[in-house]
Amino acid sequence: MQKKASDFQVLFQNRVGARLRKNVPLHQYSNFRIGGKADYFFLATSSKQLADAVILAEKLAVPYRIIGGGFNVLFDDDGYRGLIIKNDAKGIEKLSSNEIRVLSGTDLKHLVCFCIEEGLGRIEFLAGIPGTVGGAVCGNAGAFGKSVGDIFKSAEILKTNGQKVEIGVHDMGFRYRWSLLKEAPFVLLKAVLALEKENPESIKNKVESNIKKRENKHPPWSAACAGSYFKNPPSEKGDKIAAGFLLDKVGARSLKRGDAAVYKGHSNFLINTGRASSKDVRALASELKQRVKKRFGIALEEEVVFIPADPASG
């Protein structure tokens, strides 16, 4: 086993041209601050490194997961038996007066700031949402009635055979907190966004207003939290019911398991108050789901993704 591990590290260095780290604590890369050690860890700082790492892992049948900013994920207390690739490929390029190409590891905060400076509107709804462009596109992130699918034009993706292809908005099948990337084994490398020219001051005002609205009810940035834990379920009429509303009705704000607790300011946020384990968080989430199911007959679905230590079980 030791020889195989050594071989993989050498092959990785030769193919990707960068060092592969071993036994890396994943809590360092999780906003939940939870997670054991990954067998292998790689920080990809370019689209080429990201693609090369994925292609090699596929070729050698090494299990892997790609993460962005560490939000919307819950790592296992036992770590991960495979390769965790952190996508840190960042960059924004103007293609025209109203279109930009963004590398998938770009922070959403950086994207919003860039658009303010360039006078590009339609991006304001992303203000205050944590994470990266890759995660936002994959989960069709949104707020205030808008989502990524509304501004998405096209993307360059990597297929499992190593081929890079362009796909358009209709290929992505965007719907509430979902895109093609949720189920297809593709890796997002770059995305083209279609925006609108607008006065920078007007964009800035909208951004600041949206951030203020989020700050009034969301945990502070310093909190160990992965973001909204559950998706908003659909009503019988097809519109969305706020998961936080349902959770409030079942007494969620008073609940905790170990050091995992429901945030006092909003029931759809679970926070790590100290040394919470993934077992604590999952036990608390299970209790919340059971209460909502019993009271309303509604099955809540997690927005936060649990990454088990054994890739075969996830």
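Things to note:
- In a residue-by-residue description of the range 250-259, the property of being of a type in the set (Asp, Glu), assigned to a loop (DSSP other than H, G, I, E, B) and over 17 Å from residue 297 (Cβ atoms) applies to at least one position.
- Residue match in the range 13-34 (condition: in contact with a helix residue (DSSP H, G or I) (Cβ under 9 Å, 6 or more places away or on another chain), within 14 Å of residue 309 (Cβ to Cβ) and not polar (S, T, N, Q)): yes
- Scanning the range 246-301 for residues that are exposed (fewer than 14 other Cβ atoms within 10 Å of the Cβ), under 26 Å from residue 36 (Cβ atoms) and among the polar types (S, T, N, Q) yields a single hit, 286.
- Of the residues in the range 93-102, not one is farther than 23 Å from residue 306 by Cβ, touching a Ser or Thr at 6+ places or on another chain (Cβ under 6 Å) and buried (at least 19 other Cβ atoms within 10 Å of the Cβ).
- Whichever residue in the range 143-168 is modelled with pLDDT under 95 and of a type in the set (Gly, Ala, Ser) and, among such residues, is surrounded by the most Cβ atoms within 10 Å (Cβ to Cβ): 143
- Only a single item in (1) buried (at least 21 other Cβ atoms within 10 Å of the Cβ); (2) of a type outside the set (Ser, Thr, Tyr); (3) in contact with an Asp or Glu (Cβ under 9 Å, 6 or more places away or on another chain) is not met by residue 37, and it is number (1).
- Options 275, 291, 282; residue that is more than 22 Å from the chain's Cα centre (by Cα), modelled with pLDDT of 95 or more, of a type in the set (Lys, Arg) and closer than 30 Å to residue 64 by Cβ: 275
- Only residues that are in contact with a Ser or Thr (Cβ under 6 Å, 6 or more places away or on another chain) and of a type in the set (Val, Ile, Thr) were counted in the range 37-63, giving 0.
- Residues being part of a strand (DSSP E or B) and open to solvent by less than 50 Å² (accessible area, probe 1.4 Å) - total across the range 229-245: 1
- Qualifying positions in the range 181-203 - touching a helix residue (DSSP H, G or I) at 6+ places or on another chain (Cβ under 6 Å) and buried (at least 18 other Cβ atoms within 10 Å of the Cβ): 181, 187, 188, 189, 191, 203
- Of all residues in the range 293-314, those satisfying the criterion of being under 21 Å from residue 58 (Cβ atoms) and part of a strand (DSSP E or B) are 305, 307.
The values are calculated or read from the model by the stated rules, or taken from the named source; none is laboratory data. Remember, predicted model here, so these are calculated numbers, not experimental data. Note: ideal-geometry Cβ built from the backbone for every residue, glycine included; neighbour counts use all protein chains shown. Please note that ligands, DNA and RNA were not included when accessible areas were found on the heavy atoms of the full protein model with its side chains. Shrake-Rupley method; radii C 1.70, N 1.55, O 1.52, S 1.80 Å.
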